[in-house]
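Nothing in this text is a laboratory measurement; each read-out follows from the coordinates by a stated rule. Small disclaimer: the values here were computed from a predicted structure and weren't measured. FYI the Cβ positions are ideal-geometry reconstructions off the backbone, even for glycines, and counts take in every protein chain you see.
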Amino acid sequence: MTHVLQASMPLHTLSKRLSLSSTLTLIHTHRWRPLSCQMSAESSPLTHSITLPIQLAEPVQIVAAPGISESEFRTAINSSLFKQWLRNLQSETGILADNAMSLKRVLIQGVDMFGERIGFLKFKADIFDKETGKKVPGIVFARGPAVAILILLESESDGETYAVLTEQVRVPIGRLILELPAGMLDDDKGDFVGTAAQEVEEETGIHLNLEDMVDLTAFLDPSTGCRAFPSPGGCDEEISLFLYRGHVDKETIMQLQGKETGLRDHGELIKVRVIPYKNLWRMTADSKVLMAITLYEMAKREGLLPQ
Amino acid sequence: MTHVLQASTPLHTLSKRLSFSSTLTLLHTHRWRPFSCQMSAESSPLTHSTTLPIQLAEPVQIVAAPGISVSEFRTAINSSLFKQWLRNLQSETGILADNAMSLKRVLIQGVDMFGERIGFLKFKADIFDKETGKKVPGIVFARGPAVAILILLESDGETYAVLTEQVRVPIGRLILELPAGMLDDDKGDFVGTAAQEVEEETGIHINLEDMVDLTAFLDPSTGCRVFPSPGGCDEEISLFLYRGHVDKETIMQLQGKETGLRDHGELIKVRVIPYKNLWRMTADSKVLMAITLYEMAKREGLLPQ
């Protein structure tokens, strides 16, 4: 997707050389400013200019905040996190779609790496309403998409339904919390992957795959984008909520419940918990659980769930 | 809450000098390390040592990331955002409560000011499980608490929900949300830009007295607040229900406004949606959470008349 470009190449030449047959082919063109290598206390900030197909006449300046290294800056700009955000802005339902608003500048404030890959990105975008000149609040904590699953197990002996949840310490809220197991869907195979997924599969013996799940967020009106947004005022996070329904014998449930009361396994940071579904709505403060319950109950009420 | 202390005062002397009648009186003791004012490319990082009552023997190092100024660092450490997070850790249900875990260090990565007051804080906390030595994921985007209101207006037998619609840069699009803001401490008024828009458009003055706390129906073990994104954000939300009656004209007026031209510079629009369609018309977690709490509370006869 990225082409090697000369820093001094004018834009119209770029268009011809890159044969822009479709605006979607090239998400943006790059212009790297030569970086100065002075060792003085005041060195020029790292900057990078990009041009979005949706606003060809107004290049966007991406700037690194003090403290961001060159390597972090490049990783941030080239990350799928950042590219997806730019894509969202330019989509049919995106902020820039009707050309009433304009993105002028992005300040990269923070890059959190999880080993080799980027974990979180924090940046500040300057987006202006063209008519009024007003700037919309633009601070973004970017973490990308996730999936979460409402796992309902019906016990064969008594017909009681149990929800399978994960419990772990969450530093941002300073406490333990019961959550819907969340992770990612492996692109190729549709397997549910991630540490929570692993724990749940190990404890319940269930292999969670896309084929066996119902997409609850797909029941939302298309105008919503069919993903849930936990905290749209500050975070890019979008979640697909799935439903998995299965049957287990009473022993499995008792085993899972028994594990909870036993000693915490060495170094076990994520615990699997089972909660009777009828009590679920009041037993947790996790938004993923409460959102999934709404979508499940409403879809059930309207006869939308497959058999 | 903060006492002026000498940088060199040893901890045991501090205890005597500050008369520790209750561990809750003093959230933490401060020890400011004198920092160097060298202008070289490599200056010592800003650090601040604090001791939490819950782990007196293990002071916590708070460090500023490169790029954080002295003023930002002090603002961050003294902010209610940061103090509340420390309070949460040490509460009965907090991570540090049973002394199985230990907070060693906090790296202040970013401070976003909204004028004079702090808007967001970003930091990385090193919290270890004492038994295994494992560190729990500790990156925090802190924005503090909020309240959001499910406003249901009945008109002509039909119930409508009142929502706000605005551009949200993090998700790159418009979204319909529950009006959210803060509750004014003294008077219980719902305040903030969304609150203002809603009150202006509907003519309703929303006050704590007229609302039902839906999050209060949660089991006490949950803390009775909802957490939109507990894996990365400190945000906790109280969800309230406001029920009112309006005449048909008010609803039509509100709906009429939507189809008209966008007012100059109007960043927040007020929208009315028939409640029966609400669950599918928005992807906002606040709306979906409120619906569950409202429907379940209603089903179980918990809502006051």
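Some observations on this one:
- Cα gyration tensor, the stretch B:162-238 - rounded (a/c under 1.5), prolate or oblate: oblate
- Neighbour-limited loop hits for GluC sites (Glu not before Pro), the stretch A:153-259 (at most 14 other Cβ within 10 Å; DSSP other than H, G, I, E, B): A:156, A:160
- With K and R counted +1 and D and E -1, the other residues having a Cβ less than 15 Å from that of residue A:155 yield a net charge of -3.
- Candidate aspartates and glutamates for bridging to residue B:187, where Cα separation is under 13 Å - those fewer than 8 sequence places away on the same chain excluded: B:209, B:210
- Descending principal axes extents, the stretch B:104-209, alpha-carbon based, whole Å: 63, 33, 33
- Across the stretch B:129-183, Cα-Cα pairs farther apart than 19 Å form 59% of the total.
- Computed extension gain for residue B:49 through residue B:135, at 0.36 nm per residue and net of the alpha carbon distance, reaches 28.9 nm.
- Cross-link reach list, lysines versus residue A:300, counting only Cα pairs under 19 Å and skipping chain neighbours closer than eight places: A:278, A:288, B:276, B:298
- Efficiency of FRET from Cβ geometry, residue A:58 and residue B:216, R₀ 56 Å, rounded to 0.05: 0.70
- Considering only Cα atoms, the convex hull volume of the stretch A:27-142 works out to 114 Å³ per residue.
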